[in-house]
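This report refers to the structure that appears directly beneath it.
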Amino acid sequence: MSFSARGSDGERAAIANAHEDRKASGLTRMRRTATCLLVCMIALLLVCVAWQADHAWLAWPRAFAEAGTVGAIADWYAVVALFRRPLGLRIPHTAIIPQNQQRIAESLGKFVEENFLTPELIVERLSSHDAAQALARWLEQPANNRGVADIVADAVAGLLDGIDEADAQWFFDRLVIPQLRTLDVSRVAGDVIKVLTESERHQPWLVRGLEVLERWLTANVGMIKAKFSEASRYTPAQLDTYIVSKFIEGIVALLREVAANPDHELRHQFDEALEDLSVQLQTSAVHRRFGKSLMRDCIRYFRHADHHRVLLERLRMRVIADLSSEQSAVRDAMTSMLASLGKRISREPAVQHKLNAWWLALARELVVRYGRQLSVLITEVVKGWNADEVSRKIEAEIGRDLQYVRINGTFVGGMVGVLIHAATLVVMR
């Protein structure tokens, strides 16, 4: 996992470097083009000055060349002054970006806070997007839910691998054991019995218990006969065998009858006994004291037997072994859970509404609480950048467009020069 992560990081860095190189090459080509155009204007001007005495019509290209040269030089100066000092001269109001980095950082942070991090804007933008439905569709895709499950599983494996014995002991001593001490075992047991009896979930267990009891009686007939003979010394052995056999046959028939009939009287008596036990566990002070005493003994035994270390090792060994296998039960369970979650969200509009409302409320709360901190973070990050590096990056992003400004300035200046020359001739006439 770490090897693939390093490989992907290196690949992303190589792509980023190649992208930077392409932008730098494009900027260099455009800069040379604009500079060559300036040189052409100067050369044209010199040719016109040298030959204008013999060819009067050269006044027109001379006007174009003069104005184009001025426009090209002016735009060159303006573009260069944004990023550095022209020709290295310390002219006021040049190298604008490096010299004003602190002010730019503060203005950028304030601009983001006032125009992007307002709760109303964030909520308005997010409310038009059904995030819950999008999440549901995304989770339903096998590649997505499997990918999330893999990420969580790898994180769990790394977490378990990083936990040592001291961490496990701190976890149990500070978090688990204090909660166990305050746990009302008697009331919890009563609640569990109440839930089981109210939903009739205890009935399969009762049937299973009756079947186990029947098998036990059938398998231990000889032992029961021997015990009955020991207790009844003055009766013949054949009579003892007959009595015990008939007794066991009757008990087995009764057990089968109770198991087969959901409305059997013994079942009703059993249910009443469970209900009474549930009430006693929930209300009786005697049962409560017994439960607390039992929990204290369990905690004491757990501590002295050093079970937290054994539990940690077994958990770590089994989970890591499962996650390392090709058919991982943990990964499959998480994948199935995520897919089921996506299907449920997709099928239930009420759940989607609640998720969207929760998402919007969370977004508003985050913006209100942390919007200012985010703008401060932007300001501090920009302030911490190297001024020359910032200037270079900005120039790489917008420098090609600025070179077009130089090129356009050259031609626009030339055409303005021609118009001025024409206007001058008209006025002089």
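Within the same chain, lysines fewer than 8 places from residue 383 are excluded, and of the rest, those with a Cα less than 20 Å from its Cα are 110, 393.
Assuming 1.002 mPa s and 20 °C, estimate D for region 159-343 with Stokes-Einstein, Rh taken as the Kirkwood radius over Cα pairs, in µm²/s.
Working: Rh = 22.0 Å.
So the translational diffusion coefficient is about 98 µm²/s.
A value for P(r) over Cα pairs in 10 Å bins from 0, in percent was derived from the coordinates, and within the list (1) 4, 9, 10, 16, 15, 11, 8, 7, 6, 5, 4, 3, 2, 1, 0, 0; (2) 4, 21, 32, 27, 12, 3, 0; (3) 4, 13, 15, 14, 11, 9, 8, 7, 6, 5, 3, 2, 1, 1, 0, 0 it appears as (1). With axes computed from alpha carbons, what is the tilt in degrees of helix 142-162 against the longest principal axis of the chain, rounded to the nearest 10 within 0 to 90? Tilt relative to the chain: about 70 degrees.
Using Cβ contacts closer than 10 Å as the measure, can you line up 36, 48 from fewest to most?
Details: 36 11, 48 20.
In order of increasing Cβ crowding within 10 Å: 36, 48.
Taking a straight line from the alpha carbon of residue 225, these lysines sit under 30 Å away, with near neighbours fewer than eight places off in the same chain left out: 246.
Taking 24 Å as the straight-line reach from the Cα of residue 343, the lysines in range (excluding those fewer than 8 positions away in the same chain) are 354. The long axis of helix 2-51 is offset from the longest Cα principal axis of the chain by roughly 10 degrees. Residues of the chain were split at every exposed loop site, defined as chymotrypsin sites (Phe, Trp or Tyr not before Pro) in a DSSP loop with at most 15 other C-beta atoms within 10 angstrom, and the longest piece left, sites excluded, is 235-384.
Bear in mind that the values in this text are calculations on the coordinates, not laboratory data. Small disclaimer: the values here were computed from a predicted structure and weren't measured. Methodologically, a virtual Cβ is constructed for each residue, glycine included, from the backbone with ideal geometry; neighbour enumeration extends over all protein chains shown.
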